[in-house]
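What follows is one structure encoded as structure tokens, with my remarks underneath.
The values are calculated or read from the model by the stated rules, or taken from the named source; none is laboratory data. These figures come from a predicted structure and were not determined experimentally. Here the Cβ is made from the backbone with ideal geometry for all residues, glycine too, and neighbour counts use every protein chain on show. The accessibility values were calculated without ligands, DNA or RNA, using every heavy atom of the protein model including side chains. Shrake-Rupley method; radii C 1.70, N 1.55, O 1.52, S 1.80 Å.
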Amino acid sequence: MNLTEKRKDTIEQANHFIAQSKHQVNQQYRHQYHLMAPIGWINDPNGFIFFQGAYHLFYQYYPYDSQWGPMHWGHSKSTDMIHWEHLPVALAPDQWYDKDGCFSGSALEKDGLLYLMYTGHRIEEGKTYQTQCIAISKDGIHFEKLENNPVIGESILGKEGSIHDFRDPKVFVHGESYFAVVATKTEHDRGRILLFSSEDCLNWQFYSVLLEGDASQGIMWECPDLFHLDGKDVLILSPIQIEKNGYEYHNISSTMACIGKMDWQTGKLEVETSHEIDFGLDFYAPQTTLGADNQRIMIAWMQMWGRTLPTHVLGHRWAGSMTLPRTLHVRNERLVQEPFPQIHDALDLQLNEEQIIVNEHPIVYRRVIEDNTYLRLVIQLNEAREFTFTLAGLQLSYSYDKEALTLSRENVGHVISGDEQPILTQRTIQTPLIEDCLTLEIFRDTSSIEVFISGQETITTTFYEEEKNKDLIFSATGNAIIQQLDIGQVMV
């Protein structure tokens with residue numbers, strides 16, 4: 001059997017297993033409008049691109065179990081990023097250079113062809129080796145790996161990083177050249193992002209050390225993505241074990257936006273400011289693309305490393321999903337996120353109320369929270385010390401004195417524990433009021449919640465109810481006024 005035959009057999013085996021087994025997935029916690037795989041485990045989004053009239057999103061995928069295994073690339077496409085069509089598995093670990101996994105990467109259109117650049121992962125005598133590889137497709141579905149893979153190996157990497165931790169290429173065009181940012185680490189276990197260049201996307205050379213972290217910024221950086229937005233250059237990445245900084249970086253693995261100015265002569269990013277991207281419990285490995293209208297769009301893995309996963313523990317045969325797509329901007333030196341506009345086209349608003357006075361006597365809306373509920377609230381808080389509301393058992397509370405919003409899943413359903421000590425059950429974000437008001441836009445799916453805060457910050461968290469709680473409850477210390485309350489559903 002030659003390598004091409006083996007490749008087809010491996011992908012065909014995965015696709016056959018999916019087709020034969022996907023009906024066995026327990027639907028209890030499955031989402032209604034977030035992307036999931038048909039069966040099995042998923043993690044990082046990969047190859048996010050608008051290609052031939054549709055958004056394509058690949059993802060790290062192990063179809064055979066609901067826990068991490070040798071990585072394949074799953075594949076879906078959509079025109080609105082709410083309704084997703086599952087496509088055949090795109091890549092499988094079937095070559096000598098990727099035999100233990102086709103790790104994360106990205107996509108690029110060139111001459112009408114779709115290029116995937118990914119990390120080939122292999123283990124030899126207990127040591128990990130990671131190199132960068134390319135696969136090409138004419139139809140955007142069936143891919144052929146280059147015969148001369150890997151295209152960036154140890155000889156090109158040299159001493160600029162560790163071949164044992166060298167992954168997650170994000171490929172893009174700048175000027176008339178192709179570039180790729182790739183994550184690695186220093187000999188002192190500090191994150192480092194490298195920049196490589198090419199004239200044809202096939203033959204690559206080292207260009208520069210784009211950015212290097214200090215001892216407080218984690219032992220390894222992953223999933224870099226470099227782009228220009230609103231007059232700034234932005235590098236997003238995912239640091240492992242970055243030190244806490246106030247309310248930031250409390251998860252064992254985090255996400256960070258570095259905003260500044262790129263010097264293309266030296267290949268260095270001069271960072272002016274940096275911050276955590278999302279302040280929830282389940283947000284990692286974000287990747288961006290340019291949309292149909294040239295807007296910058298981001299999607300992330302809506303899960304977290306080092307945590308128990310109820311759908312795996314319960315034998316539901318799936319784990320992991322993607323966030324909603326988010327449109328990005330740079331405002332006031334921060335990377336801000338808004339829901340992708342087409343999501344609003346799917347809303348069915350069912351209740352609208354105004355000028356609701358909230359105090360220490362709880363206001364209860366019975367049986368208004370469904371698995372696909374949408375909420376929008378504008379809350380005036382200048383006469384309240386604290387404002388609290390619960391939905392699906394989750395508690396959100398705002399402290400006027402601390403100017404901070406907290407989301408807790410502590411008393412909700414199945415306990416989720418992790419590598420953080422003590423168990424991390426809530427996150428808090430600093431978010432000052434705007435004209436005395438807090439504006440929240442909330443998307444609840446079956447086992448997740450995404451909160452967009454005053455058009456500035458976000459909180460993303462998963463939860464797994466054991467009993468459905470459909471009530472919405474408001475209370476306050478002092479007097480709060482809900483100037484506007486919209487309740488509806490995301491219809492799919």
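Among the residues of region 173-187, is there at least one that is of a type outside the set (S, T, N, Q), closer than 23 Å to T288 by Cβ and touching a helix residue (DSSP H, G or I) at 6+ places or on another chain (Cβ under 8 Å)? Scanning region 173-187 turns up no residue that is of a type outside the set (S, T, N, Q), closer than 23 Å to T288 by Cβ and touching a helix residue (DSSP H, G or I) at 6+ places or on another chain (Cβ under 8 Å).
It is to be established whether one or more residues within region 137-156 are of a type in the set (V, I, T) and touching a Leu at 6+ places or on another chain (Cβ under 8 Å). Looking for residues that are of a type in the set (V, I, T) and touching a Leu at 6+ places or on another chain (Cβ under 8 Å), one finds at least one in region 137-156, hence yes. Out of all the residues in region 453-474, is one or more closer than 20 Å to F279 by Cβ, open to solvent by less than 20 Å² (accessible area, probe 1.4 Å), of a type in the set (D, E, K, R) and not in a strand (DSSP E or B)? For region 453-474, residues closer than 20 Å to F279 by Cβ, open to solvent by less than 20 Å² (accessible area, probe 1.4 Å), of a type in the set (D, E, K, R) and not in a strand (DSSP E or B): absent. Within region 387-425, the set of residues being open to solvent by 80 Å² or more (accessible area, probe 1.4 Å) and touching a strand residue (DSSP E or B) at 6+ places or on another chain (Cβ under 9 Å) comprises Q395, D401, K402, E410, N411, D419. Within region 108-132, the set of residues being open to solvent by less than 10 Å² (accessible area, probe 1.4 Å), of a type outside the set (S, T, Y) and either touching a Cys at 6+ places or on another chain (Cβ under 8 Å) or within 29 Å of K22 (Cα to Cα) (or both) comprises L114, L116, M117, G120. Counting only residues that are hydrophobic (A, V, I, L, M, F, W, C), open to solvent by less than 70 Å² (accessible area, probe 1.4 Å) and at pLDDT below 95, region 1-59 holds 0 of them. Looking only at residues in region 83-106 that are under 19 Å from the mean Cα position of the chain (by Cα) and open to solvent by less than 10 Å² (accessible area, probe 1.4 Å), which one is farthest from V492 (Cα to Cα)? Out of the qualifying residues, it is C102.
Conditions (1) assigned to a helix (DSSP H, G or I); (2) free of Cβ contacts under 8 Å to residues at least 40 places away in the same chain; (3) more than 28 Å from L381 (Cα to Cα), marked per residue:
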position	(1), (2), (3)
A257	no, no, yes
T266	no, no, yes
E270	no, yes, yes
T273	no, no, yes
G280	no, no, no
Q287	no, no, yes
H312	yes, no, yes
N352	no, no, no
